[in-house]
Structures are given as C-alpha cells and as structure tokens.
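First comes the structure, then the notes that go with it.
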Amino acid sequence: IVSKREYHEKVLDHYSRPRNVGSMNKADQDVGTGLVGAPACGDVMKLQIRVDEITGKISDVKFKTFGCGSAIASSSYLTELVRGMSLEDAGRIKNTEIAKELCLPPVKLHCSMLAEDAIKSAIKDYKSKRVGKPTLGVTA
Ligand code: FES
Ligand code: FES
C-alpha cells in the first residue's frame, strides 16, 4: 500500500496503472535488454527495447521492476518517453528529467537513476548485437 503523503499523484498514477509492463525475447536480434540494480536498496529493473532496423528508432519497449513505487513509476514513465526515439536521444535521457516530471523527493532520486541506467544498458546490449552488422538506416 502506497501512502498518498509519501508519493506525488503522478507517481501514484504510474504505480497503479504502469505502462508497458512485460518482457521480450532477449535473444531477438532487434532487442536490447538492460538489467540493473540499485546498490542503495537492492531494487532491480529490467528494461527492454525493440529497435526498428530501418529507422533506427525504438519501436517497442517493456519493463519489469522489482522495487519501490518511485522505481516503478520512473520505469513506466521512461517507457512512454523513449517509444519512437532514436537510440542517441534515448541514451541522453537524464534521471533528473524523470525525477522532475514525477516530482520525486531527493531521497527517491536513486529510483529514477535506475531508469537512466536501465535504458543506457539496454542500448548498450542492443549495440553489442549489431557489431559486424550493416549500419542502421542504410540500405544496400
Ligand atoms: Fe527499495 Fe525503497 S529501498 S523500495
Ligand atoms: Fe530503491 Fe526506489 S527506493 S529504487
């Protein structure tokens, strides 16, 4: 049970109706998986992106978070934010943007950091699969 005094209403909205919860097959060549943990509390977040190989943009995104309300809200909000973005733009998202949108208090900043780490890690995983493959957006 989440107390309303502790969490801003935007957090409660994402927490009670999280967007894009789920999993993709991490073996898929167009999927990047990020799995990160917060040393401060032990919470864990898995974030997966599917990348359109023609446009190089994120076509789908799913998450599973085992963590507090702020971590769930941060990942839910992040999934809405990155859909349709280029990997470059998605990789530039800062946790402070997420924290600002959700009005997270300072003590909950590390929860939004988990979301920043997760998208960076998913992008890195996707790129590692592309090594030696044709560049995105280029047709032979
Ligand atoms: Fe992880 Fe807050 S310590 S839920
Ligand atoms: Fe640790 Fe929120 S308290 S992720």
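The values are calculated or read from the model by the stated rules, or taken from the named source; none is laboratory data. Everything quoted here is computed from the prediction, not taken from an experiment. Reconstructed Cβ throughout: ideal geometry from the backbone, glycine too, with neighbour counts over all protein chains shown.
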- Query: Which is surrounded by fewer than 14 Cβ atoms within 10 Å (Cβ to Cβ), at pLDDT 95 or above and over 14 Å from the mean Cα position of the chain (by Cα), of Ala27, Ala40?
  - Reply: Ala27
- Message: Suppose the filter is at pLDDT below 95 and either of a type in the set (Ser, Thr, Tyr) or more than 16 Å from ligand 1 (Cβ to nearest atom) (or both); does Asp13 pass it?
- Response: yes
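Conditions tested, residue by residue: (1) more than 13 Å from Gly34 (Cα to Cα); (2) within 13 Å of the chain's Cα centre (by Cα); (3) not hydrophobic (A, V, I, L, M, F, W, C).
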{"site": "Ile54", "(1), (2), (3)": "yes, no, no"}
{"site": "Ala73", "(1), (2), (3)": "yes, yes, no"}
{"site": "Leu87", "(1), (2), (3)": "yes, yes, no"}
{"site": "Ile93", "(1), (2), (3)": "yes, yes, no"}
{"site": "Leu109", "(1), (2), (3)": "yes, no, no"}
{"site": "Ile119", "(1), (2), (3)": "no, yes, no"}
{"site": "Lys124", "(1), (2), (3)": "no, yes, yes"}
{"site": "Val131", "(1), (2), (3)": "yes, no, no"}
- Query: For region 22-50, which residues satisfy the criterion of being of a type in the set (A, V, I, L, M, F, W, C), touching a helix residue (DSSP H, G or I) at 6+ places or on another chain (Cβ under 6 Å) and more than 16 Å from ligand 2 (Cβ to nearest atom)?
  - Reply: Ile49
- Query: In the set Val131, Val107, which member is of a type in the set (Val, Ile, Thr) and either in contact with an Asp or Glu (Cβ under 6 Å, 6 or more places away or on another chain) or within 26 Å of Gln29 (Cα to Cα) (or both)?
  - Reply: Val131
- Query: Hey, any hits in region 100-110 for a residue that's outside any strand (DSSP E or B), touching a strand residue (DSSP E or B) at 6+ places or on another chain (Cβ under 7 Å) and crowded, with 19+ Cβ neighbours inside 10 Å?
  - Reply: no
- Query: Since Ser74 meets every condition but one in (1) within 16 Å of ligand 1 (Cβ to nearest atom); (2) over 16 Å from Val11 (Cα atoms), which condition does it not meet?
  - Reply: (2)
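Would you call Ile54 among the β-branched types (Val, Ile, Thr) and either within 20 Å of Lys120 (Cβ to Cβ) or in a helix (DSSP H, G or I) (or both)? Full working, then the answer.
On the way: among the β-branched types (Val, Ile, Thr): yes; either within 20 Å of Lys120 (Cβ to Cβ) or in a helix (DSSP H, G or I) (or both): no.
So Ile54 fails the test.
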